Amino acid sequence: MRKIFFIAIIVMLTCAGKTQAQFGVNVGYALNSINYTDFGGKQNMNGFLAGLSYDFRIKNEWCLFTGLNYSQFGRTNKQQISPIYSVEKSYRHGFLEIPIHAAYVMEVADNVRISIEAGPKLSYAVIGTEKIKDAVGNNETNIYAKENHISPFNVLVGFGVGVQYYHFRFKFGYDFGLLNQSSSIDSKASRSGLSLSLGYLFWHSR
């Protein structure tokens, strides 16, 4: 699975050098629903995203939207066991992601474009920690360690809507995880989420 992810990066960069494309950077807000049975259960986590985008013109109004993004999310839960004893659990996740979306781009006015996109997204976890703090001390677990039977690789499918004005593009997106990343029979590991991002495009092709 890891090989598939990095092969996709190489193919994307190779195509970028041979195809008429639009290159940009983007940052934004992301909200993920992460459901790891053995690590906190279902939780909503706020975070951010940042990355690079490549838009390849296929034919007429049709494009391929891809790129490389990094997204990170976190949450802290505090449970009061008794008046004098509490447990604090903190979770942090970080993902490298490659969207591969087919997009239809319409020019609705001078220098104003609306895009509608959909397709899969490859995701690979580079950070996954659970920290437990109580009266005894601190304990940190690597969620994606081999003994936890949770794969860092995931495939999501989603859609997005964007508005581009000159070199700026605002985009809304939603993705739903297709895989149960846990190989344990009694456990589940999946995620989905939405994002809002603002991008700057360095050049564009007609």
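Values in this text are rule-based calculations from the coordinates and carry no lab data. All of these numbers come straight from a predicted model, not from anything done at the bench. For neighbour counting, all protein chains shown are included, and Cβ atoms are generated from backbone atoms with ideal geometry for every residue, glycine included.
List of remarks:
- Around TYR36: net Lys/Arg minus Asp/Glu count, Cβ-Cβ under 14 Å: +3
- Applied to segment 59-69, the Karplus parametrisation 6.51 cos²θ - 1.76 cosθ + 1.60 on θ = phi - 60° returns per-residue 3J(HN,Hα) values of 6, 6, 7, 8, 9, 10, 9, 9, x, 9, 10 Hz, with x for Gly and Pro.
- Chymotrypsin sites (Phe, Trp or Tyr not before Pro) lying in DSSP loop within segment 82-181, provided at most 16 other Cβ fall within 10 Å: TYR166
- Across LYS78/LYS171; LYS89/LYS146; LYS146/LYS171; LYS131/LYS188; LYS59/LYS121, pairs whose alpha-carbon gap is larger than 29 Å: LYS78/LYS171; LYS146/LYS171
- Stretching ALA118 away from VAL161 to a fully extended chain increases their span by 14.6 nm, per 0.36 nm per residue minus the current alpha-carbon distance.
- Checking every one of the GluC sites (Glu not before Pro) in segment 39-146 against DSSP loop status and a limit of 14 other Cβ atoms within 10 Å picks out GLU61.
- You can think of it this way: the chain between THR76 and LYS59 has 1.4 nm of extra reach, that is 0.36 nm per residue less the Cα-Cα gap.
- Dipole magnitude for the chain: computed about the Cα centre from +1 point charges on Lys and Arg Cβ and -1 point charges on Asp and Glu Cβ, it is near 180 debye.
- Rg and Dmax of the chain, Cα atoms only, in Å: 19.4, 67
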